[in-house]
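Here the structure comes first, spelled out in structure tokens, and everything after it is commentary.
The values are calculated or read from the model by the stated rules, or taken from the named source; none is laboratory data. As the structure is a prediction and not an experimental result, all values here were calculated from the model. For neighbour counting, all protein chains shown are included, and Cβ atoms are generated from backbone atoms with ideal geometry for every residue, glycine included.
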Amino acid sequence: MEIIDRILSLPEFVAEPPVLVEIGASGGTHRPWKTLAPFSIAIAFDPDSREMQAVHNESGGYRRLHVFPAAAVPDEMAEAEFHLTRSPYCSSLLRPDAAALGDWDFARLFDVERTTRVPCISLAKALREAGVARVDWFKTDSQGIDLRLFQSLPEAIRSRVLAAEFEPGIIDAYEGEDKMSAVLAAMDRPEFWLSDLRLRGTLRMLPDDAARLGGHESTRLADVLRTSPGWGEMTYLNTFRGREPFSKRDWLLGWVISCVNEQFGFALDLCRRAQGAVPDAIFGTLAAETERIIREKLRRGRAAHRVRIAVQRLRSFGGRVLRQGISRDETSKES
């Protein structure tokens, strides 16, 4: 959206760029951040060097990027044991729970290939070294300690995070992990609301059975058999109803983040409340733009609905014609 580029080019963001923090950064730039990246400071962590090259390769996409090839931890410690698994995306400070994972098709992804000691850094120290005093968008896929990491942020920073993403487990995958139930309980507070929850899963099937029955097509079993929820992708947005006042910059960035997350109803609400909190004509402009987007989506939705109805009617008509043709053929044969 061109208007987002214009907003993020305002003096407020030249002076205080958006701060994006990603823990478990394997895989390159987080897709929803691509719009914000050229205007933002990004801070990334991942001690598994097998996948961190993707982060380095995209460093030019941010206004400034700080990469810590270390494990982000909630407490001050110089180093810790890190379990490198068959899949880099399953590596963790926590040991995989092999006994519990044994019931699931993807268990072998968690096979520990080796355990090593890796450097660690607390979030507070990383923010100091990066020279920032805020976190606007927090994303963590730490494989087991998402909630502990978020709660390790000082309250003054944590309560003003505008978006927070977690990927906690539902099933037992790591020993002593922060599970989804704990995240739901901890985030049930006035400052945040759950904007999105996407359940992800795998097959409740022994890996040996999957290999035996699926053979070289074992990865396709999930396409033909029912999977079960194993973890979730959660996005929380700030309600802007906390005790501390928010600046014009914060309200603007809240609108941007809401639009990026396609929460246009909430974006409209923010514009209305911002006009009372930090009166500025720009919020009236953004409210009008948000209403335009909503109306456009309604128009496209109506058009898509009409197309679906037309296709259904065409299929129904085709079915009747086919049945009538078959009936005539059978009548002709009998005569």
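Listed values, structure above:
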quantity: Filter result (more than 24 Å from the chain's Cα centre (by Cα) and either outside any loop (DSSP other than H, G, I, E, B) or free of Cβ contacts under 8 Å to residues at least 12 places away in the same chain (or both)) within region 220-242; calculated: 220, 221, 224
quantity: Criterion: farther than 23 Å from residue 200 by Cβ, free of Cβ contacts under 8 Å to residues at least 12 places away in the same chain and outside any strand (DSSP E or B) - qualifying residue of 128, 134, 160; calculated: 128
quantity: Residues (farther than 22 Å from residue 257 by Cα and in contact with a strand residue (DSSP E or B) (Cβ under 6 Å, 6 or more places away or on another chain)) located in region 127-153; calculated: 130, 142, 143, 144
quantity: Failed condition for residue 145, given (1) at pLDDT below 95; (2) surrounded by 18 or more Cβ atoms within 10 Å (Cβ to Cβ); calculated: (1)
quantity: Unmet criterion (only one of (1) in contact with a Phe, Trp or Tyr (Cβ under 9 Å, 6 or more places away or on another chain); (2) surrounded by fewer than 17 Cβ atoms within 10 Å (Cβ to Cβ); (3) closer than 16 Å to residue 157 by Cα) for residue 126; calculated: (2)
quantity: Neighbours by Cβ (under 9 Å, 6+ apart or cross-chain): first from region 258-281, charged (D, E, K, R); second part of a loop (DSSP other than H, G, I, E, B) and surrounded by 17 or more Cβ atoms within 10 Å (Cβ to Cβ); calculated: 269/240; 273/240
quantity: Output for region 164-209, where each listed residue is among the β-branched types (Val, Ile, Thr) and either out of contact with any strand residue (DSSP E or B) (no Cβ under 6 Å at 6 or more places or on another chain) or over 20 Å from residue 135 (Cα atoms) (or both); calculated: 170, 171, 202
quantity: Extreme residue, nearest to residue 152 (Cα to Cα), among residues of region 73-116 that are hydroxyl-bearing (Ser, Thr, Tyr) and in contact (Cβ under 8 Å) with a residue 24 or more places away in the chain; calculated: 92
quantity: Residues of region 60-87 classified as exposed (fewer than 15 other Cβ atoms within 10 Å of the Cβ) and in contact with a Ser or Thr (Cβ under 7 Å, 6 or more places away or on another chain), total; calculated: 3
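Here's the yes/no breakdown for (1) of a type outside the set (Gly, Ala, Ser); (2) touching a Leu at 6+ places or on another chain (Cβ under 7 Å):
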| site | (1), (2) |
| --- | --- |
| 258 | no, yes |
| 265 | no, no |
| 271 | yes, yes |
| 274 | no, no |
| 280 | yes, no |
| 285 | yes, no |
| 289 | yes, no |
| 292 | yes, no |
| 295 | yes, no |
